Amino acid sequence: MKATTISITLILFLGFSLNLTAQTTAVWQGGKPGRTTDWNCPANWSEGRVPDEFTQVIIPAGVTYYPVIQYAPAPIDALLMEAGARLTIQGGARLVILCETGIFAGVTILGQIENNGTLEIGEVVNASIAYLKQVQGKGIVISPSAGMDTLARRR
């Protein structure tokens, strides 16, 4: 009886713990009046909260307003940008993509990133530098998985 109670308690605890770190997907919607392009505005995201390290982010094509990162948000797990989508990282801002789950191979950029700050990309599954061709601007890209152990400036 005691072993059964302990087992049930352990199962419930583990189930609750796993739920706390469950991966989520956030889709950019943009358009919140007064903050139409603000990455850090919860109302601009499908889930009503700013993405974090447990979030796979999708920036779709065809929206009216595209995200602008003005300062460093929380790191995100993965990024998928559809063809035609845009993302701007302003000077002094930083976007960190952890690439921990392998979703979207960590980073899939079919759209365009204007990077005037810092874009840091973790270990990408099936590493390729092809996605870096979609990154423009005067900012810094840090991407050890693309064969760059040092900082690379994109022009």
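Name the residue, out of 82, 53, that is surrounded by fewer than 21 Cβ atoms within 10 Å (Cβ to Cβ), of a type in the set (Asp, Glu), closer than 24 Å to residue 35 by Cβ and over 12 Å from the mean Cα position of the chain (by Cα).
Details: 53 fails: over 12 Å from the mean Cα position of the chain (by Cα).
Only one candidate qualifies: 82.
Residues of region 47-82 being of a type in the set (Phe, Trp, Tyr) and either assigned to a strand (DSSP E or B) or without any contact (Cβ under 8 Å) to a residue 12 or more places away in the chain (or both), which ones?
Correct list: empty.
Going through 150, 108 one at a time, which residue ends up being within 21 Å of residue 68 (Cβ to Cβ), modelled with pLDDT under 90 and either polar (S, T, N, Q) or outside any loop (DSSP other than H, G, I, E, B) (or both)? Show your work before the answer.
Numbers: 150 fails: within 21 Å of residue 68 (Cβ to Cβ).
Of 150, 108, the one residue that is within 21 Å of residue 68 (Cβ to Cβ), modelled with pLDDT under 90 and either polar (S, T, N, Q) or outside any loop (DSSP other than H, G, I, E, B) (or both) is 108.
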Of all residues in region 101-118, which are in contact with a helix residue (DSSP H, G or I) (Cβ under 9 Å, 6 or more places away or on another chain) and within 14 Å of residue 142 (Cβ to Cβ)?
106, 107, 113
Scan of region 37-46 for residues that are among the small types (Gly, Ala, Ser) and either outside any loop (DSSP other than H, G, I, E, B) or free of Cβ contacts under 8 Å to residues at least 12 places away in the same chain (or both), ordered by number
43
So the check is Cβ under 6 Å with 6+ separation or different chains; which pairs have a first residue in region 21-36 that's under 9 Å from residue 56 (Cα atoms) and a second one that's not in a loop (DSSP other than H, G, I, E, B)?
24/55; 25/56; 26/45; 26/55; 26/57; 27/58
With the first residue restricted to region 89-108 and required to be on the phi < 0 side of the Ramachandran plot, and the second required to be buried (at least 21 other Cβ atoms within 10 Å of the Cβ) and acidic (Asp, Glu), Cβ contacts under 6 Å at 6 or more apart or on different chains are 98/77; 100/77; 101/77
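Here are 30, 62, 34: which of them is surrounded by fewer than 18 Cβ atoms within 10 Å (Cβ to Cβ), under 17 Å from residue 111 (Cα atoms) and at pLDDT 95 or above? Before the answer, list the steps.
Values: 30 fails: surrounded by fewer than 18 Cβ atoms within 10 Å (Cβ to Cβ); 34 fails: under 17 Å from residue 111 (Cα atoms).
Every option except 62 fails the conditions.
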What do you reckon, is residue 100 acidic (Asp, Glu), within 13 Å of the chain's Cα centre (by Cα) and either modelled with pLDDT under 85 or farther than 25 Å from residue 37 by Cβ (or both)?
yes
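The values are calculated or read from the model by the stated rules, or taken from the named source; none is laboratory data. On a predicted model such as this, the values are computed, not experimentally measured, just so you know. Counting neighbours? That spans all protein chains shown, and the Cβs are built from the backbone with ideal geometry, glycine included.
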